[in-house]
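Chemist: Here's a structure for you.
The values are calculated or read from the model by the stated rules, or taken from the named source; none is laboratory data. What you see is a predicted model; the values in this text were computed from it and never measured. In this analysis, Cβ positions are derived from the backbone assuming ideal geometry, glycine residues included, and neighbour counts consider all displayed protein chains.
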Amino acid sequence: MFEAVPPGLFLVLGGVLALFLRGSLRSAVLIALPILGAVQLALLPNGFSMQWQPFEGYLFEVVRVDALSRVFGYVFYLAALISVIFSLHVKDTMQQSAGIAYAGSGVAALFAGDLVTLFVWWELTAVTSVFLILARRTDRATRTALRYLVVQVLSGVLLLAGTLLHYGETGSLAFGALGLGSLGRDLIFVAFGIKAAFPLLNGWLQDAYPEATATGSVWLSSFTTKLAIYALARGYAGTEILIPIGCVMTVFPVFFAVIENDLRRVLAYSLNNQLGFMVVGIGIGTELALNGTAAHAFAHILYKSLLFMAMGAVLYRAGTVKASELGGLYKSMPWTATFCIIGAAAISAFPLFSGFTSKSMILSAAAEGHHDVVFLILLFASAGVLEHSGIKIPYFAFFAHDSGKRPKEAPKNMLVAMGIAAALCIGLGVFYGPLYALLPYRVDYTPYTMAHIVTQLQLLVFAILAFLVLQKLRLYPSERRATILGADWFYRRPLPAIGVRVGIACAFVYLTLVGMAAAITRRVGHVLRKLYQPPGPLGEPWPTGPAALVAAILLVVYLVSVYV
C-alpha cells in the first residue's frame, strides 16, 4: 500500500478531508497524518522509484527516494506534526486544511524525480500556502497574499519555461544535477532562487510571513524556502556563483533586523540570513558542505519554528509583536519565554544546541576549501544572528522595559508544540549522531573540538558584550514604530507609478495619432467630394474620347509595372 502512494499525498488528501471533519476527529486525523507519512518514508528504501509513462516518449519519475530527499522528508513531516499541534486550538477550517495540504505538497516535491512532477507540487505549495495569509482576514493581509501568490506563481512559470527549454535541448526531464550554462537551466536556477529568497528577490518573504496568522507563520517558516534549498542542492551543488549570493544573504538582513520593530519581521530577516549559510554550503559543493547544508536545514526548521511559535503565542495572547509595545511578558508567560530563549540559543549556535552542530559543518567546509573571506563573512553573520535573533527577540518581547501587559500563558497545545521543538533543539545539540546518520554522505566530522568551541564562545561572548555596551551607552537602535523599506519597494512603488505614467503617455500619443488620422481623413474626404461631386471637375460625365485615352494610359502603366 505504502509503495503505491507518493510520499506527501496522504497529507494533501488529508487536507481535503479536513474540510469535512469537525472537532476532535479532525484534530486526531491531522495529528495522525504526519506520523503515518513518516512511517511510510521509513519503509521506503533508498533507491525506490515510482515511474509513470502516460504516453510514448514522456517518462515521469513521480517518486525517487534517496538520502538527500529522505533527510528533508523526515524534518518536513516533523515540522508538520509540530505545526498541527501548535494550531489545534484554531477552529478555522481553512487554516488547518491549507496547512496540512501545504506540508504535503512540500513533501511530495522533495521526492519528485522529474522536473514536471516537481513543477506540479511546486505550484501547489504556492496555492495552498497563500490561504495561511488570507486567513488573517484583513485588507492588508489580503493585499499581501495576492503579492505573495504572484511571486510564487512567477517562480513556477519560470520553472516550467526552463523545463520545456531544457527538454528541447536535452530530451530529458530528469531532476538531477543541472548546473548553469543554458537558457533553460538558468531559468530553473532563477525559479529556485525566488523561493530561496535570493538578494533583491527576497521581498516577498519579509512581506508575507509577518502578515500570516499566529499559526500560519509557523507553517510558512518550515517548507517553502527549505524546499528551494533542497532543489538547489539537488540541481546546482558546486555552482560557485552561489557562494557570493549566499554571503550577501547572510549579511544584509543583519542591518535590517537590528532596526526592525515587528519581531516576526525580524525573524523573517533572520530566516533570510540562515538561508544564506545553506546557499554558501551548496555553492562550496563538497560532501562536508552539503552535509552541513542538509543538517543546518534540519536544525533550522526546528529552531525557527520554535521562535515563530513563541512570537505567535505572544501575538495570540498580547495582540501584538511590536517590540515597542512589548516587554515584561516573562512575568505572565514564563514557559513561552523559556522556550523562546532555547530557540534563540539554538539559532545563535551556542554549544549544546542544534545550531552549533549544524552550522559548524558549513564553517569548517569553508575553511577547508580555503574560502578565507567567506569564512570571515560567515563569522560576522553568526555574530549578527546573535544580536537580532539570539538577543533582540527574547529581550524585547519578554524583558527590556515593562509594557504593563500581563496576558495569559499560551494555550496548552502551543506549549506542547514549543516543548517538543525545544527538546529537539537541545537533543540535536547533545546527541547529534542520529542526525549525522541521516545525512546524504558519510560523516567524518566532530563538532565538539576545542577549536570549534573556543571560537564560537569567543564570538558569542563578544557579541553579547557589544550588545550590552551599546545598550548602556544608548547607541543600540531604539524600538520605534517604523516601516523598513526593502528591495521590493522598487517594484511595489516606483514601477507601478512609472507604469501608470507610461500608460497615460501611451494613451495620449494614441489618442493624438487617432485624432490626427481622423482630421486627415476628413480633409481628404472633403477634397474628394469637391473633385467628384457635380459641378466638380471630375464630377461630370467625360466624353468618350478622353475617357478611352485615360483608360489606355492606365493600361500601359499597369503593363509596364508588371513587366518591370
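Chemist: Within segment 56-85, which residues are of a type in the set (S, T, Y) and not in a helix (DSSP H, G or I)? Outline the logic, then answer.
Modeler: The first filter runs over segment 56-85 and keeps only residues of a type in the set (S, T, Y), leaving 58, 69, 74, 77, 83.
Answer for segment 56-85, where residues must be of a type in the set (S, T, Y) and not in a helix (DSSP H, G or I): just Y58.
Chemist: Right, another one. Please work out which one of (1) part of a helix (DSSP H, G or I); (2) in contact (Cβ under 8 Å) with a residue 60 or more places away in the chain is the condition A237 fails and give its number.
Modeler: Among (1) part of a helix (DSSP H, G or I); (2) in contact (Cβ under 8 Å) with a residue 60 or more places away in the chain, the lone unmet condition for A237 is (1).
Chemist: Consider only pairs whose beta carbons are under 6 Å apart and that are at least six residues apart or on different chains; among these, list those whose first residue lies in segment 431-454 and is part of a loop (DSSP other than H, G, I, E, B) and whose second residue is acidic (D, E).
Modeler: Y441/E287
Chemist: Let me ask another. Which one of L205, L180, L164, L201 is part of a helix (DSSP H, G or I) and either surrounded by fewer than 24 Cβ atoms within 10 Å (Cβ to Cβ) or among the charged types (D, E, K, R) (or both)?
Modeler: Details: L205 fails: either surrounded by fewer than 24 Cβ atoms within 10 Å (Cβ to Cβ) or among the charged types (D, E, K, R) (or both); L180 fails: part of a helix (DSSP H, G or I); L201 fails: part of a helix (DSSP H, G or I).
Testing whether each residue is part of a helix (DSSP H, G or I) and either surrounded by fewer than 24 Cβ atoms within 10 Å (Cβ to Cβ) or among the charged types (D, E, K, R) (or both) leaves just L164.
Chemist: Could you please find all residues in segment 86-120 being part of a helix (DSSP H, G or I) and free of Cβ contacts under 8 Å to residues at least 60 places away in the same chain?
Modeler: Restricting attention to segment 86-120, the residues satisfying the condition of being part of a helix (DSSP H, G or I) are 86, 93-110, 115-120.
Selection gives M94, V116, T117, F119, V120.
Chemist: How many of the residues making up segment 20-50 are loosely packed, with under 14 Cβ neighbours inside 10 Å and within 22 Å of V127 (Cβ to Cβ)?
Modeler: Result for segment 20-50: 1.
Chemist: Which residue out of V190, V120, V90 is farther than 25 Å from F60 by Cα and surrounded by fewer than 23 Cβ atoms within 10 Å (Cβ to Cβ)?
Modeler: Checking each option against the conditions leaves just V90.
Chemist: Given the residues T225, T239, T215, which is the only one that is within 13 Å of the chain's Cα centre (by Cα) and of a type in the set (V, I, T)?
Modeler: Working: T239 fails: within 13 Å of the chain's Cα centre (by Cα); T215 fails: within 13 Å of the chain's Cα centre (by Cα).
From the options T225, T239, T215, the qualifying one is T225.
Chemist: Let me ask something else about it. Counting only residues that are hydroxyl-bearing (S, T, Y) and over 18 Å from S403 (Cα atoms), which one in segment 321-350 is surrounded by the most Cβ atoms within 10 Å (Cβ to Cβ)?
Modeler: First, pick out the residues of segment 321-350 that are hydroxyl-bearing (S, T, Y): 324, 330, 332, 336, 338, 348.
This time we only want the ones that are over 18 Å from S403 (Cα atoms), so: 338, 348.
Values: T338: 18, S348: 25.
This residue is S348.
Chemist: Only one of (1) surrounded by 24 or more Cβ atoms within 10 Å (Cβ to Cβ); (2) in a helix (DSSP H, G or I) fails for T213. Which number is that?
Modeler: Against the list (1) surrounded by 24 or more Cβ atoms within 10 Å (Cβ to Cβ); (2) in a helix (DSSP H, G or I), T213 comes up short only on (2).
Chemist: May I ask you to verify whether T293 is polar (S, T, N, Q), modelled with pLDDT of 95 or more and surrounded by 24 or more Cβ atoms within 10 Å (Cβ to Cβ)?
Modeler: Working: polar (S, T, N, Q): yes; modelled with pLDDT of 95 or more: yes; surrounded by 24 or more Cβ atoms within 10 Å (Cβ to Cβ): yes.
Judged against the criteria, T293 is a match.
Chemist: Quick one: would you say L352 is of a type in the set (A, V, I, L, M) and in contact with a Lys or Arg (Cβ under 7 Å, 6 or more places away or on another chain)? It would help to see each step written out before you state the result.
Modeler: Details: of a type in the set (A, V, I, L, M): yes; in contact with a Lys or Arg (Cβ under 7 Å, 6 or more places away or on another chain): no.
Criteria not met by L352.
Chemist: Quickly run through segment 1-29 and pick out the residues that are more than 24 Å from the chain's Cα centre (by Cα), in a helix (DSSP H, G or I) and more than 15 Å from V62 (Cβ to Cβ). Give the derivation first.
Modeler: Of the residues in segment 1-29, the ones more than 24 Å from the chain's Cα centre (by Cα) are 1-5, 17-29.
Next cut, in a helix (DSSP H, G or I) only: 2-4, 17-18, 23-29.
Within segment 1-29, L17, A18, G23, S24, L25, R26, S27, A28, V29 meet the criteria.
Chemist: For segment 158-215, how many residues are under 30 Å from V321 (Cβ atoms) and aliphatic (A, V, I, L, M)?
Modeler: Selection size over segment 158-215: 9.
Chemist: Could you check segment 396-437 and list, in sequence order, the residues that are surrounded by fewer than 19 Cβ atoms within 10 Å (Cβ to Cβ), more than 25 Å from K91 (Cβ to Cβ) and aliphatic (A, V, I, L, M)?
Modeler: A400, A423, I426, V430, A437
Chemist: Tell me whether segment 175-191 contains one or more residues that are in contact (Cβ under 8 Å) with a residue 60 or more places away in the chain, touching a strand residue (DSSP E or B) at 6+ places or on another chain (Cβ under 7 Å) and within 19 Å of R234 (Cα to Cα).
Modeler: Looking for residues that are in contact (Cβ under 8 Å) with a residue 60 or more places away in the chain, touching a strand residue (DSSP E or B) at 6+ places or on another chain (Cβ under 7 Å) and within 19 Å of R234 (Cα to Cα), one finds at least one in segment 175-191, hence yes.
Chemist: Before we move on, is L159 over 25 Å from L33 (Cα atoms) and at pLDDT 95 or above?
Modeler: For L159, the condition - over 25 Å from L33 (Cα atoms) and at pLDDT 95 or above - is met.
Chemist: Among the residues of segment 311-324, is any assigned to a helix (DSSP H, G or I), in contact (Cβ under 8 Å) with a residue 40 or more places away in the chain, of a type in the set (V, I, T) and within 16 Å of V75 (Cβ to Cβ)? Before you say what the answer is, go through the steps one by one.
Modeler: Initially, segment 311-324 is screened for residues assigned to a helix (DSSP H, G or I), giving 311-318, 323-324.
In the following step, the residues that additionally are in contact (Cβ under 8 Å) with a residue 40 or more places away in the chain were identified as 311-318, 323-324.
Now restrict to residues that are of a type in the set (V, I, T): 314.
So of that shortlist, the ones also within 16 Å of V75 (Cβ to Cβ) come out as none.
The answer is no; no qualifying residue exists.
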